[in-house]
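The values are calculated or read from the model by the stated rules, or taken from the named source; none is laboratory data. Note that the structure is a prediction, hence the values are computed from the model and not measured. Please note: Cβ atoms are built from the backbone with ideal geometry, for glycine as well, and neighbour counts cover all protein chains shown. Please note that ligands, DNA and RNA were not included when accessible areas were found on the heavy atoms of the full protein model with its side chains. Shrake-Rupley method; radii C 1.70, N 1.55, O 1.52, S 1.80 Å.
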Amino acid sequence: MMHVALMLALAFDLAPGLTPERRAQETAFMRSVKRNQTANDMTANVLAHTGEHVAYTCELEEITRPGVAVGQCGPDEEPVDLYLKLPAGTWRVGQKLRVLGILDAPASWSDVSGHTIYYPFVKVVFADRIR
């Protein structure tokens, strides 16, 4: 819970160039984030949480193709790999981002034993570089 509140505070401190309109949009978006849901909670049942608004701090681990990256998201003690559908921009491996997005429909595949594995995607609505 504190993690999401801290992210909202960071949004205003780290992105001083935000317009009042964007600040209002982000604040409205944050109201729909379930503050008690961690990245671990959300990815434990991706299908049940599809469409929910999320707020994470993510470090980009890999750029898989333009506009899509794998990020280590969540608290440093418990990061989770998430695929991030990023807005247009210049992104690079190692960047740390504050991400506000929507848990999108997951990609899936079946392993050799026939179990379906889901890969969580976050459609990023707002992204700000932390470092």
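List of remarks:
- All conditions but one from (1) under 16 Å from Asp104 (Cβ atoms); (2) in contact with a Leu (Cβ under 9 Å, 6 or more places away or on another chain); (3) of a type outside the set (Gly, Ala, Ser); (4) loosely packed, with under 14 Cβ neighbours inside 10 Å apply to Thr27; the one that does not is (1).
- Looking across the range 28-43, the residues that are free of Cβ contacts under 8 Å to residues at least 24 places away in the same chain and part of a loop (DSSP other than H, G, I, E, B) come down to Ser32, Lys34, Gln37.
- Close contacts from the range 101-115, counting a first residue that is free of Cβ contacts under 8 Å to residues at least 12 places away in the same chain and open to solvent by 50 Å² or more (accessible area, probe 1.4 Å) and a second that is of a type in the set (Ser, Thr, Tyr) and part of a strand (DSSP E or B), with Cβ to Cβ under 9 Å and a gap of 6+ residues or different chains, come to Ser108/Thr116; Ser108/Tyr118; Ser108/Tyr119; Trp109/Thr116; Trp109/Tyr118; Trp109/Tyr119; Ser110/Thr116.
- Among the residues of the range 72-102, those identified as closer than 10 Å to Val122 by Cα and not aliphatic (A, V, I, L, M) are Tyr83, Lys85, Gly101.
- Filtered residues of the range 72-90 (kept if open to solvent by less than 50 Å² (accessible area, probe 1.4 Å) and out of contact with any His (no Cβ under 9 Å at 6 or more places or on another chain)): Cys73, Val80, Leu82, Leu84, Leu86, Pro87
- Hey, Val93 of a type in the set (A, V, I, L, M), closer than 20 Å to Tyr119 by Cβ, at pLDDT 85 or above and open to solvent by 40 Å² or more (accessible area, probe 1.4 Å) or not: yes
- Any chance Gln95 is touching a Lys or Arg at 6+ places or on another chain (Cβ under 8 Å) and without any contact (Cβ under 8 Å) to a residue 60 or more places away in the chain: yes
- Scan of the range 39-66 for residues that are within 12 Å of Val80 (Cβ to Cβ) and open to solvent by 50 Å² or more (accessible area, probe 1.4 Å), ordered by number: Asn40, Asp41, Ala44, Glu59, Glu61
- Matching residues, the range 116-128, being without any contact (Cβ under 8 Å) to a residue 40 or more places away in the chain and of a type in the set (D, E, K, R): Lys123
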